[in-house]
Amino acid sequence: MRLDLSGRTALVTGSTQGIGQAIAAGLAAAGARVGINGRSRDSVDRAIAALPAGDYVAVPADVATPEGADAVRDVLPDVDILINNLGIFGSRPALEITDDEWRRYFEVNVLAAVRLTRQYLPGMRERGWGRIQYIASDSAVVIPAEMIHYGVSKTALLAVARGFAKEAAGSGVTVNSVIAGPTHTGGVEDFVYELVDKSLPWDEAQREFMRRHRPQSLLQRLIEPAEIANLVVYLSSPLASATTGGAVRVDGGYVDAILP
């Protein structure tokens, strides 16, 4: 399959590292012009310097605020592909999650994506083509007891994607959520070695970690960010024109269900 995004402009929020950075690299490799977003100019410039060759645009802004969304629009007035990747997570006993924390998770993980969708979807509809995706998580379906505020925010994204897909019906714009499973991102190796024998080589260590602590994974290893990016790039392409309103899984079989 040829995933050709030449002539398309994409914005990937939270793309200075991890899954977001891998998605940006994948979209650029397919020919898209890609907006790299982070809260500071320094972090964005470092990310662009570390990315493979491609057509990148620096878009420093805190998109969890209305002012940040305005700043993004100043740099990229129109986009063809919007990847809502920005997200925060952290563990907290359920009864200790404060109102302010609940609000923060909603603002960053949900409302930022809603705001940018509201900003860019009308233009996509007018042009008759567009792709919007929300990077969700297995935690949207398997709510973790240690961070239910995170899980709930990701569950909300599944509903947001379905709702906006209906808003975009018949326009040539597709809207989907992507359920990502346990992923090999920054800091995870230290976390894994806190729980398994530190003398094990990485491949063995991660498999031992998955066997003992994530046994429901059918992949039995952590997912690499590029593997999630592969699905996102496909969903961004013309070849995915009939996939919309879905919660598409790239979770290594972690969610023990036929449907999300």
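The residue of the stretch 138-152 that is surrounded by the fewest Cβ atoms within 10 Å (Cβ to Cβ), among those that are among the hydrophobic types (A, V, I, L, M, F, W, C) and under 12 Å from R92 (Cβ atoms), is A145.
Checked across the stretch 158-169, the condition of being over 23 Å from I88 (Cα atoms), surrounded by fewer than 17 Cβ atoms within 10 Å (Cβ to Cβ) and not hydrophobic (A, V, I, L, M, F, W, C) holds for at least one residue. Only a single item in (1) small (G, A, S); (2) out of contact with any Asp or Glu (no Cβ under 7 Å at 6 or more places or on another chain); (3) crowded, with 19+ Cβ neighbours inside 10 Å is not met by A49, and it is number (3). Just one of the listed residues (R92, R131, R125) is assigned by TED's automatic domain parsing to the domain that holds V233 and at pLDDT below 95, and it is R92.
Okay, residues lined up against (1) over 25 Å from G7 (Cα atoms); (2) in the same structural domain as R131 (by TED's automatic domain parsing); (3) among the β-branched types (V, I, T); (4) part of a loop (DSSP other than H, G, I, E, B):
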residue: D197; (1), (2), (3), (4): yes, no, no, yes
residue: L200; (1), (2), (3), (4): yes, no, no, yes
residue: A205; (1), (2), (3), (4): yes, no, no, no
residue: R212; (1), (2), (3), (4): yes, no, no, no
residue: L218; (1), (2), (3), (4): yes, no, no, yes
residue: L231; (1), (2), (3), (4): no, yes, no, no
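Taking the stated definitions as given, is P182 within 26 Å of A24 (Cα to Cα) and surrounded by 20 or more Cβ atoms within 10 Å (Cβ to Cβ)? Judged against the criteria, P182 is a match. Would you confirm whether any residue within the stretch 185-197 is under 18 Å from Q133 (Cα atoms) and either touching a helix residue (DSSP H, G or I) at 6+ places or on another chain (Cβ under 8 Å) or at pLDDT 95 or above (or both)? Taking every residue of the stretch 185-197 in turn, none turns out to be under 18 Å from Q133 (Cα atoms) and either touching a helix residue (DSSP H, G or I) at 6+ places or on another chain (Cβ under 8 Å) or at pLDDT 95 or above (or both). Screening the candidates R118, R104, R162, R125 for the property of being part of a helix (DSSP H, G or I) and without any contact (Cβ under 8 Å) to a residue 12 or more places away in the chain yields one hit, R118. Can you find a residue that is closer than 23 Å to V160 by Cβ, touching a residue at least 60 places away in the same chain (Cβ under 8 Å), buried (at least 16 other Cβ atoms within 10 Å of the Cβ) and under 16 Å from the mean Cα position of the chain (by Cα) anywhere in the stretch 62-81? Yes, the stretch 62-81 contains a residue that is closer than 23 Å to V160 by Cβ, touching a residue at least 60 places away in the same chain (Cβ under 8 Å), buried (at least 16 other Cβ atoms within 10 Å of the Cβ) and under 16 Å from the mean Cα position of the chain (by Cα).
The values are calculated or read from the model by the stated rules, or taken from the named source; none is laboratory data. Note that the structure is a prediction, hence the values are computed from the model and not measured. Neighbour counts run over all protein chains shown; Cβ positions are idealised from the backbone, glycine included.
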